[in-house]
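Taking it in order: structure first as structure tokens, then the write-up.
What follows draws every value from the coordinates through simple rules; no lab data is involved. Everything quoted here is computed from the prediction, not taken from an experiment. Note: ideal-geometry Cβ built from the backbone for every residue, glycine included; neighbour counts use all protein chains shown.
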Amino acid sequence: MKLYDYASLSFASLKERKGRTIGAILGVMIAVIALSLALGIGQAFQNIFEERLERTFLANSILVTGGKGFTDADLAYFGNIYGVRDVFGVAVRNVRIAQQKGEVTATLIAIDPRWIPQFIGVNSLQDFIEEGTSDIKGLGVIVGNDLWKDPDTGTKIRDVGEIVTVSVAGRRAREITFYIVGLGASTGGFRGMGANPDNSIFMDPDAFFTYITKRRVYNLAVVVVNNTEDVKYIIDEIRAVAPQGSRIFSPAAMIQQVSIFVTSLQTILALISSVGIGVTALWVFDSMTISVVQRTKEIGILKAIGYRSRDILLLFLLEAIFISLIGSIAGLTVSMIVSNFVGIPIFGSMVLKADLTPTIIFLAVILPILTNVFAAFFPSRRAANLNPVEALRYE
Amino acid sequence: MSDKEFILIENVWKIYKMDTIVQEALKGVSFTVKKGEFVSIMGPSGSGKSTLLNIIGGLDKPSKGYVEVAGLRITEVSNDAELSRYRNEMIGFVFQLFYLIPRYTALQNVELPLIPRGVPLSKRREMALKALKIVGLEVKANSKPNQMSGGEQQRVAIARAIVGNPKVILADEPTGNLDSKSSEVIMEVFKKLNKELGVTIIMVTHNLELRLSDGKVIKIYNKEEYEELLETFIKR
């Protein structure tokens, strides 16, 4: 008996019971939509979250803050630890800046320009500098996107070569005037260590320690490691040499924790949505059980004319496979359409769309088939093992 | 195996046990059937005629006894695949209630026994049409059972039984559900199959008139019951 013949007999039987077949297919379809979208949204969430975290928190870095800050000597200590690739310090100060719509708070960031890409999570300086240069010696500064371009209209409100005056608060409150050497591209907001590059002014550390504060102390030390697997060991070494009161923060470990959390969330979503698959499997079990009872005489006839128990088993199992396959394909089609056109807004400007990876598509097809075949197996086996004489006598 | 003992039934018993109730459906039945013979088995209801047919056809097992068909000791076969092949290739069943599958056309119903053999679709169609032609129903090939009379349905069932060229046809009261005219047509079909194709036929029937006028071998396995029936029939 060829597979085509099995398939055609099973299909004819499904066609005869149109109502119940369509019901079962719809059930599988809904379950597949729920499962694939839950997994797809979880996947998309994980992708965005990980990418966002890696860019925001410098995944291959260890951040040291707190205490009384870090001197160049402290940075040198950190730099001598085995496995450390680079170390740089960042000093930060909040300032007020006059804009067209009034005064706003901006962040003055003192950082060596070669570390800007690492700090804000871009590949190179060229990716960040939209106009001008990155040469921020003396009072030359790079201004963030929101400070030179009106966020509402997109019109340029400052340009390269112009001056910008900021108010520094504190004991020695005063106004300082910088000149703009570069205009920063939009980075999408929140990035390195909570600083928003779009709302920041990047300046030379030497100038910062001359005009803003006299104490050459960095608020933040960023230790870049060669290998993220060494992070734990390097943290222990930093703890040994860091000034008292320092807090050590490992983005890599945090990203790992967040990843575990997102994966767990994805698993929970998948489990909740797989309830649908369980309900469909129960439906298939029920439908098959009724079908076996209704077709008892037919099973007897088939056995009398020479069909083996194995043939009967396969005929019934194929019905479950057909239902699952049609339902899965239809469900996946709907999920694909939904994932392309419907998005969930997150992180303000971003839209989360279900990411139907090949693994998710495979799972969304194979899971309903396996569970439904499992559910159909018991009534099918009962059909296959029916005594032909009793089956023929069944009324 | 000789042609004289094409079918050998030896001391076959069938005992049904249900809790404390024991019912003997067959009590040591023995007989032989020659190749190409047309045999009628007669007896009252509940005398085990259908049970005997089911045992010969490999659908049921005797509680005791020995059955051999065309050299195959079927009482010793317990493997499902082997028994199924025996039913498919050696036996053709015809039942009183036709037992056609309603969703299939006459042609598709007749094709059914050829599917487990792996016969390709085009060949199946050809063989099924030939079988329908033998029973004179090729014009109804595309009709479904509910579009046919009882007699026509039974002829389709006979076509299904003969489509695979079986060695034996087992007919369980094939005219029991038909009017006299249709019964005659069916009997003519059986006679034709027996005479022209040489198929061995074992038929269970209540219809004494049909059997006696036929003048073929009649096997009696419940003598007392049969004589009583015969007496009633002759007096009528």
Point to revise | Viscosity 1.567 mPa s, 4 °C: Kirkwood-radius Stokes-Einstein D of the range B:34-143 over Cα pairs, µm²/s | key: 80
Review point. Where the only charges are on Cβ atoms (+1 Lys, Arg; -1 Asp, Glu), what is the dipole of chain B about its Cα centre, to the nearest 20 debye?
Key: 740
**Study point:** Degrees, to the nearest 10: B:180-196 long Cα axis against longest axis of chain B
**Key:** 90
Practice item. Using only the alpha carbons, work out the radius of gyration and Dmax of chain B in angstrom. Key: 17.8, 55
Point to revise | Counting DSSP beta bridges with both ends in chain B, the antiparallel % (nearest 5) | key: 50
Point to revise | Charge dipole (debye, nearest 20) of the range B:1-47; +1 at Cβ of Lys and Arg, -1 at Cβ of Asp and Glu | key: 40
Exercise for review: Report, ordered by chain and residue number, the aspartates and glutamates lying within cross-link reach of A:Lys214, taken as a straight Cα distance under 18 Å and ignoring same-chain residues fewer than 8 apart.
Suggested key: A:Asp72, A:Asp74, A:Asp112, A:Glu175, A:Asp204, A:Asp206
Practice item. For the protein assembly as shown, give the magnitude of the charge dipole about the Cα centre (Cβ charges: +1 Lys/Arg, -1 Asp/Glu; no others), in debye to the nearest 20. Key: 1280
Revision key, fill the gap. For the protein assembly as shown, percent of DSSP beta bridges that are antiparallel (nearest 5) comes out at 70
Check your understanding: Volume per residue, Å³, of the convex hull around the alpha-carbon atoms of the range B:104-147?
Key -> 63
Point to revise | Rg over Rh, two decimals, the range A:62-156 (C-alpha only, Kirkwood Rh) | key: 1.02
Practice item. Starting at the first residue of the range A:12-23, write each ³J(HN,Hα) from the Karplus equation 6.51 cos²θ - 1.76 cosθ + 1.60 with θ = phi - 60°, in whole Hz, x for Gly and Pro. Key: 4, 5, 5, 4, 5, 9, 3, x, 5, 5, 4, x
Exercise for review: For the range B:98-114, take each phi angle, set θ = phi - 60°, evaluate the Karplus expression 6.51 cos²θ - 1.76 cosθ + 1.60, and give the result in whole Hz per residue in order, putting x for glycine and proline.
Suggested key: 6, 6, 8, 8, x, 7, 9, 6, 4, 4, 5, 4, 5, 5, 3, x, 7
Exercise for review: Pairs to check: B:Lys27/B:Lys167; A:Lys297/B:Lys181; B:Lys61/B:Lys192; A:Lys68/A:Lys101; A:Lys303/B:Lys14. Give those whose C-alpha atoms are more than 25 Å from each other in this structure.
Suggested key: B:Lys27/B:Lys167; A:Lys297/B:Lys181; B:Lys61/B:Lys192; A:Lys68/A:Lys101
Review point. For chain A, what is the calculated [θ] at 222 nm in deg cm²/dmol (nearest 500), taking -39500 (n - 2.57) for each run of four or more DSSP H residues and dividing by its residue count?
Key: -17500 deg cm²/dmol
Exercise for review: Run a plain Debye calculation on the range A:220-289 (Cα atoms as equal point scatterers, no solvent) and give log10 I(q)/I(0) at q = 0.16 Å⁻¹, rounded to two decimals, same order as the q list.
Suggested key: -0.71
Check your understanding: Roughly how many Å is it from the Cα centre of the range A:249-293 to that of the range A:326-389, as a whole number?
Key -> 11
Check your understanding: Relative to the longest principal axis of chain B, what angle (0 to 90°, nearest 10) does the C-alpha long axis of helix B:223-235 take?
Key -> 70
Point to revise | Gaussian network model of chain A, Cα within-10 Å springs - most flexible of A:Lys353, A:Lys297, A:Lys101 | key: A:Lys101
Check your understanding: Suppose R0 equals 30 Å; then what is the FRET efficiency for A:Ile157 and A:Asp135 from their Cβ-Cβ distance, rounded to the nearest 0.05?
Key -> 0.85
Review point. Does anyone have the angle between helix B:121-134 and the longest principal axis of chain B? Alpha-carbon axes, 0 to 90°, nearest 10?
Key: 60
Study note, to complete from the structure: Of all trypsin sites (Lys or Arg not before Pro) in the range A:120-185, the ones in DSSP coil with at most 14 other Cβ atoms within 10 Å are A:Lys137, A:Arg171, A:Arg172
Review point. Any idea how far the Cα center of the range B:13-39 sits from the one of the range A:77-130, in Å?
Key: 99
**Study point:** In sequence order, calculated HN-Hα J values of the range A:288-295 (Karplus, 6.51, -1.76, 1.60; Hz; x Gly/Pro)
**Key:** 5, 4, 5, 4, 5, 5, 5, 9
Exercise for review: Take the Cα radius of gyration of the protein assembly as shown and divide it by 2.2 N^0.38 Å, with N its residue count; two decimals is plenty.
Suggested key: 1.72
